[in-house]
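**Student:** Supplied in structure tokens, the structure appears directly below.
The values are calculated or read from the model by the stated rules, or taken from the named source; none is laboratory data. Only a predicted model underlies this, so the values are computations on that prediction, with no experimental measurement involved. Cβ atoms come from the backbone with ideal geometry, glycine included; neighbour counts cover every protein chain shown.
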Amino acid sequence: MRLGLALGYWGRGPNPDHLDLAAEAENLGYDSVWTAEAWGSDAFTPLTWIAAHTSRIRLGTAIAQMAARTPTATVADLVRRAFTARDLDEKWCGDITYVQVGGTWLYLACVLDICSRWVLGWSMATHMRTGLVIDALEMAVATRGGHVDGVIFHADRGSQYTSAAFAQVSDRFGIRRSMGRVGSSYDNALAESFWQGLKREAVQGVFTTVRQARLEIFRWLTYYNTRRRHSALGYLSPAEFERQHQRGRKLTLAA
């Protein structure tokens, strides 16, 4: 017999009790864990968080607020796990993660260029409202001098990315939105790998203050862009890769 556990609706922010229940269900041999997910609101999507702390149990979601499943919330997947690009500003990807600060959480949104792995934009806040991801996207646009028409931006189907406000900002800059499936971390694997690197290299235990967390994360992001080498980039940093890429582009145009 296959048994499933329903966790109900997930409010804002991670709920440690739900994670404990999911882990215990896995230990007891349950086949799956189900949780409700809201579309079009500022609700945190728990599936990826639970997946990071369990190994076998299947994860599912029941969709609430069906009326909110507008075309904004059903954007196509234009990337399809092809996390490569031949040129800068061809494809971007973004995501949200969180780090513990004392008894609360600090949330971080980032935008990466898939070609160079450069972190073009980021935003940190003690909330997960849509403004968090909009701020990161607008910083990315500013980093590129405002000329990003036609770039594909890929993310998961978290409510921040499916919101009408985020769609409006994307449309204003000519950004083509792309989204993976609900609850599939593989559909945004590059962003997930980036978060793993940040937490492995920059997050040592629990930060004591928000200021400390912001400072350490900012330092790591600067290091990541300017000094951290990537095998996918021929063991160059994102900054050096972009310099060489731009140099090669100029030589090609001159020829």
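**Student:** Cβ-Cβ below 6 Å, separation at least six or inter-chain, first residue in region 145-158 and under 16 Å from Asp87 (Cα atoms), second surrounded by fewer than 17 Cβ atoms within 10 Å (Cβ to Cβ) and aliphatic (A, V, I, L, M): which pairs?
**Tutor:** Listed pairs, sorted by first residue: Ile152/Leu78.
**Student:** Filter region 135-149 down to residues that are under 20 Å from the mean Cα position of the chain (by Cα) and not in a helix (DSSP H, G or I), then give me how many there are.
**Tutor:** 2
**Student:** Now for a separate question. For Gln168, are the conditions met, namely being surrounded by fewer than 20 Cβ atoms within 10 Å (Cβ to Cβ), out of contact with any strand residue (DSSP E or B) (no Cβ under 8 Å at 6 or more places or on another chain), in a helix (DSSP H, G or I) and of a type in the set (S, T, N, Q)?
**Tutor:** Answer is yes for this residue.
**Student:** Let me ask you something else. Condition first: in a strand (DSSP E or B), surrounded by fewer than 20 Cβ atoms within 10 Å (Cβ to Cβ) and either at pLDDT 95 or above or in contact with a Pro (Cβ under 7 Å, 6 or more places away or on another chain) (or both). Can you find one or more residues in region 48-65 that meet it?
**Tutor:** no
**Student:** Return a yes/no flag: does region 205-216 have any residue that is closer than 24 Å to Cys115 by Cα, surrounded by 13 or more Cβ atoms within 10 Å (Cβ to Cβ) and out of contact with any His (no Cβ under 7 Å at 6 or more places or on another chain).
**Tutor:** No, region 205-216 has no match at all.
**Student:** Next question, about the same structure. Suppose the filter is modelled with pLDDT of 95 or more and in a helix (DSSP H, G or I); does Met124 pass it?
**Tutor:** no
**Student:** Of Phe194, Phe207, which residue is aromatic (Phe, Trp, Tyr), under 28 Å from Gly145 (Cα atoms) and touching a residue at least 60 places away in the same chain (Cβ under 8 Å)?
**Tutor:** Exactly one residue qualifies, and that residue is Phe194.
**Student:** Can you find even one residue in region 153-172 that is of a type outside the set (Ser, Thr, Tyr), in the same structural domain as Trp105 (by TED's automatic domain parsing), over 20 Å from Met128 (Cβ atoms) and out of contact with any Asp or Glu (no Cβ under 8 Å at 6 or more places or on another chain)?
**Tutor:** Yes, some residue in region 153-172 is of a type outside the set (Ser, Thr, Tyr), in the same structural domain as Trp105 (by TED's automatic domain parsing), over 20 Å from Met128 (Cβ atoms) and out of contact with any Asp or Glu (no Cβ under 8 Å at 6 or more places or on another chain).
**Student:** Here's something else I'd like to know. Of the conditions (1) surrounded by 12 or more Cβ atoms within 10 Å (Cβ to Cβ); (2) at pLDDT 90 or above; (3) in a helix (DSSP H, G or I); (4) touching a Lys or Arg at 6+ places or on another chain (Cβ under 9 Å), Ala189 clears all except one; give me its number.
**Tutor:** Condition not satisfied by Ala189: (2).
**Student:** Going by the structure shown, is Trp105 under 28 Å from His245 (Cβ atoms), in contact (Cβ under 8 Å) with a residue 40 or more places away in the chain, aromatic (Phe, Trp, Tyr) and assigned by TED's automatic domain parsing to the domain that holds Gln212?
**Tutor:** No; evaluated as a whole, the condition is false for this residue.
**Student:** Out of (1) part of a strand (DSSP E or B); (2) modelled with pLDDT of 95 or more, what's the single condition that is false for Thr97?
**Tutor:** (2)
**Student:** Does at least one position in region 92-99 carry a residue that is in contact with a Lys or Arg (Cβ under 9 Å, 6 or more places away or on another chain), in contact (Cβ under 8 Å) with a residue 60 or more places away in the chain and aromatic (Phe, Trp, Tyr)?
**Tutor:** Among the residues of region 92-99, not one is in contact with a Lys or Arg (Cβ under 9 Å, 6 or more places away or on another chain), in contact (Cβ under 8 Å) with a residue 60 or more places away in the chain and aromatic (Phe, Trp, Tyr), which makes the answer no.
**Student:** Let me ask something additional. Given the structure, is Leu112 surrounded by fewer than 22 Cβ atoms within 10 Å (Cβ to Cβ), touching a residue at least 60 places away in the same chain (Cβ under 8 Å) and not in a loop (DSSP other than H, G, I, E, B)?
**Tutor:** For Leu112, the condition - surrounded by fewer than 22 Cβ atoms within 10 Å (Cβ to Cβ), touching a residue at least 60 places away in the same chain (Cβ under 8 Å) and not in a loop (DSSP other than H, G, I, E, B) - is not met.
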